[in-house]
1. Need a quick list: helices (runs of 4 or more DSSP H) entirely within segment 557-624 having at least 1 residues that are among the basic types (Lys, Arg) and modelled with pLDDT of 90 or more.
2. Please verify whether Arg778 is assigned to a helix (DSSP H, G or I) and touching a helix residue (DSSP H, G or I) at 6+ places or on another chain (Cβ under 9 Å), treating the condition exactly as stated.
3. For segment 135-144, check the following and say yes or no: at least one residue is open to solvent by less than 60 Å² (accessible area, probe 1.4 Å) and among the acidic types (Asp, Glu).
4. Please indicate, with yes or no, whether at least one residue in segment 209-216 is within 41 Å of the chain's Cα centre (by Cα) and either hydrophobic (A, V, I, L, M, F, W, C) or in a helix (DSSP H, G or I) (or both).
5. Quick one: count up the residues across segment 494-514 that are buried (at least 16 other Cβ atoms within 10 Å of the Cβ), in contact (Cβ under 8 Å) with a residue 40 or more places away in the chain and in a loop (DSSP other than H, G, I, E, B).
6. Which number in (1) in a helix (DSSP H, G or I); (2) free of Cβ contacts under 8 Å to residues at least 40 places away in the same chain marks the one condition that Ala998 misses?
7. Taking the stated definitions as given, is Glu331 acidic (Asp, Glu) and at pLDDT below 90?
8. Inspect segment 640-649 for any residue being in contact with a helix residue (DSSP H, G or I) (Cβ under 9 Å, 6 or more places away or on another chain), without any contact (Cβ under 8 Å) to a residue 24 or more places away in the chain and on the phi < 0 side of the Ramachandran plot and give the result as yes or no.
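The values are calculated or read from the model by the stated rules, or taken from the named source; none is laboratory data. All of these numbers come straight from a predicted model, not from anything done at the bench. Please note: Cβ atoms are built from the backbone with ideal geometry, for glycine as well, and neighbour counts cover all protein chains shown. Accessible surface areas use protein heavy atoms only, side chains included; no ligands, DNA or RNA. Shrake-Rupley method; radii C 1.70, N 1.55, O 1.52, S 1.80 Å.
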Amino acid sequence: MAALQNGVANGINGHHTTDSLTRPRFSDIPPQIDIPVAGESADEAVEISLVELLDDPTELCTLLESESVGKQYWMVIALAYAKQRKVDHAIEMVTKGLASLREKGGTRGTEERLSLLGALCWLYLWKCRDAPRVKPEGQLASEARTKDFYLQLATSTLNDASRISPSYAPLHLARGVLYLLRASQPSRTGQDAERIDMLRQASASFDSAIRADHRNMMAVMGKARAQFSLGRYADALQGYQMVLEQAPHVTDPDPRIGIGCCFWQLTFKDDAKGAWQRALEVNPESKIANVLMGLYYLDQSSKYPLNDPHFAQIYKTAMTKYTQKAFKLDERLPLACAVFGGYFLMRRAWAQVERLARRAIELTDVNAIASDGWYLLARKEHYEGDVVKAHEYYSRADLARGGENKGYLPAKFGMAQIQALQGNYADAKFRLEGLAQAKNVEAMTLLGTLYAEEVFTAQASGLREDKSTELKKAISYLEGVRISWKDPKKKITPDSAVLLNLARLYEHDQPDKSLQCLQQVEQMELAEVAQEDKNFVEDIVNERLPLDDYDLAELDEKDQKDETKKKASKELKAAKEKERTEREAKRDAERLMLLREYLPPQLLNNIACFHYSADRITPSRELFQSALNACVKINRGGSGEDVNNLITSISYNLGRAYEAENDLPKAEPVYEGVMQRPGSQDYADARVRLAYIALNASPHDEGPKAIQALYQTEPDNLEVRALYGWYLRGAKKRTHNVAEDAEQRHYKHTLQNHDKHDRYSLTGMGNIYLATARDMRRETDSEKERRSKQYAKAVEFFDKALQLDPRNAYAAQGIGIAVAEDKKDFGAALSIFSKVRETVRTEPNVYTNLGHVYGEVRQYARAIENYEAALTKGGAKDPALLCCLGRVWFLRGKHEKSVQAMKTSLEYSQRALEARPDEIYLRFNIAFVQIQLAQLIYSLPDSQRSLGEVEAAQDGLNDAIDAFTAIAKSPHPPFPPHDLEQRANMGRNTMRKQLDRAIQNQREYEDRNAERLRLARETREAEMRAREEEVRRREEVAAEQRRKIAEERRRMEERDRELAERRMEEERKREEAEMTTDSETGERRKRVKRKGGKRKKKGTEDESDLEEEESGRGRRARSEVSAATPASSDLDGGEQPRKEKPRKKRRLERKQKSGKAYKSTELVEDSDDNDDAGVTMNGNRDEAEKREDSVPMDEAKEGGDLFGEDEDGVAVPRKKSARVVDEEDDDDDELGGSAAKGAGETEDIPMGDVEDPTAEDEE
């Protein structure tokens, strides 16, 4: 009943005025009405109160029928009932009035019935607004009075009225509203085309109403509403603005609300707020404006995280100041119900959520509000665990907003969540894929998590299923979420779950990125530490590492005069600054370590494990310790078994960190403590480490006993069996028969009786066959074939291990070794080792194997580089690596005939002997290198060696002879004693004599060339000094040039500064000279310039050519002022002002005598002979007023005259052509712009207040 006034619909064509829109609804209903009755007196009537109406209108209807009153009585009484919101009684009155008029018949009765039918249609539409949207539960369909029921009645009534008069103008507005309400109903087909068609018909109906009466503002607002529903927000905005412009006082309905809604949809949310605020200023009790303002502030609050203080303040404003007020004004307002339902949803008040959501769904005629109601119900059922109902309500919420490609994104997301909970991951991912394309953060998070869980499930199952595609998708989506956090406009709070999933996804392939994710989570957790805990930590830091309060300027002013003390003061200050920096760094480290104890220990443990894997032992050990302390803090609260298990695992990891740092005295107590914890007495990993430490400490006594004891107590533990196999590898007797090998029998037993897929045993078997094949003879073809078969057997075991674990670097290295040794395919081996190195960068074996391969292909530099890397990672005293380095340096020296390389080889061989003094083969290596070094030095020419090198070679040769002799007499020499004796005799009999002669020849050579060598050395030193002097001289010249440039720059700056000050002073004096004192007010003001005066034209002396010129303002100025009258300024000259002629414009035609065309950006205005217009050079009116009258135009522009004269005395340009100005250019000229500006051209010159440039001074 939004448009009824006294029986006439508000806004019906031809029945309203603009003033009627500003009055309250039903304001024209009188408090009582007189019903004429038939009687003796013609003026007899029955007075009926329209304020206290009867509850049953039957008696009134009987009275009106018996008296056969006109339609206006039926209408007024019906409207009186409607005013009291007794719409059913109003409908009854109108219905019986129609029946009464139908009995009368006739043309007049038909016309009166038409008005009543229109009123009845509006009443049905009113009932539709209050009727439920869907059939209430438990009510029969035949008894349900839904919106659709009343829409059918309204349609039937409207059709009856149209049969009477199809062109009746008031029906157009009713038909438009009917179509709007029909478009808001749920689609029967589920397609959006039906709704769009309804909205288009509504718009056409409103157009018909507007054509009938262009003043019908209700029709204009209806059309704007239809355009808004169609998504044409700009067109709708124009409609609402038109209503506001023509009827600014209308408030019911208020076009300002529609304007705000259009602005909101056009993303001008602040403008929308302004429109709604204005609506509240006009009508503070507007429930719609209040709830919309609440939505604005809710939207603003969503830009802040929940822990931000701004969020609580803005959210409180939204709910208490606006939404609550709207709800109090009308508890049945659907939008307010939907907003409050969301509030109670966060409070988990399910009963209130159910009640408000149902009310929003039943009472609204806006699909979006109905969608919000269904969404609230879906969230409620989702929380309560009823996934079937939740999915149904999510689907209805989505369908209410269009479904499919349109729909409601949160509802689609909710359906995907329900599908994931039901295990229907395929459909959930399919639905989320569409949402993720719109860069929805929540959808990307859930979709990335689903793919990640699929990857984690496959990893946990141990199946070799390819999940690389899912891995890439999971990383892509989760990284997209991570990137969105950096957008300051979105203000998205980072989610630690996303980072933890990324860390797990990156764990195997990119551990560095995984560590970065965990460290970011650590920073987030540190930020969440309570302030009181931070204060407690700060107190501890201040107590342990207090800051020293000292003054850096310790020396007084007297001491500063002494250069020595001044220098000492600077040094002291630098030392104090360094000390303070170091102390601050220690304080920061201590503070971080203490704060970490308040973080989850699992997080710290994982970060520490990544540091440990990257060979950063110290940081890992500190993190393990912090994690252990965090567990202790948690355990004090009486936590259960999970914390005890966590303490056990972290303690073991801490022991491994101590062990990696070679701090065994700290590692052993940690392992023993792990075994003493309740429930951890059988913790096999700790017992394994203790046995390993004992074996390293005592390899021949206590160590083997500990290994045997461990193996007897844990014979079925694969970790224990792996350690025992590793022990057998060093303790067994070497044999060429694989079947007799103790290590091989142990691994075979493990594979047969315990686990046929044990990767360590498979790799160990491959190593055994590899070592056996390496020691086999290969002189004949049959021996080579047997050797190749042994290598193939080793490759089989390695390949099996790789099938079970593609990341098994040891098995991959075994295949690379077999390829290099058996097939001599060093390229393939090099490729394998390089890939393995990328996987395990901390393992020294791969670098050793790379060094072997590079040595075989004679790339000695790379071989040395890899051997040194292996030595750094595996220990600086590893004799095997030292021997490898000695060998490759020996080969390089022999290949390059380099004495220095041979010396380096000898150095590494000696270091290897220092690490293992009892090894005979290491002494042989040293002796062999010494003999080869002596041979190399003997073979060099005299100019490439020195006497000292030859004598050192002789000493090394003597040591080698003694070493060979001693090695030959040892019990187990590396070579036959006879061969060693022969090598010693050769050195004793042959090489000694050779070196004796070499020493004598070298001494004679150096004596003979000593003077020449001295002169050459002095010449070289002199050249070096000269070069140094030249460099110093050039530096001095460059410094002098830089000094001169700096001095010149300083002088230029001073000169520029002086010029600027001088100009400023001159400007100030000039402005002061132009000021004068007003004789009336006594105030200082600018001196008034004399405008105009007689001037003599150049090139003529005719008195008649003198013209009096009046000053005027340029028409290009943005704010025009009238031209000053010259009477006040020309009193001294006695000239009387002439009446100014009206200006006229014409095109300036080109002179035929002009030799060539011209073009200019200057503006030329044409006027009659008595009214010449001037131009200013810069378009500034103030500058034009400051010019002296005696300054002609041509002197104000450099480069000569701008204007000359032709033979007719008309001023025309000489060098620059004029821009032709026509009357059509006035609009363009008002822009005062630079449209004609181009490269190398000047700007258009606007008109100003200067004199005619062709005139001369009057004086």
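1. 563-595
2. no
3. There is no residue in segment 135-144 that is open to solvent by less than 60 Å² (accessible area, probe 1.4 Å) and among the acidic types (Asp, Glu).
4. no
5. Counting residues in segment 494-514 that are buried (at least 16 other Cβ atoms within 10 Å of the Cβ), in contact (Cβ under 8 Å) with a residue 40 or more places away in the chain and in a loop (DSSP other than H, G, I, E, B) gives 1.
6. (2)
7. yes
8. yes
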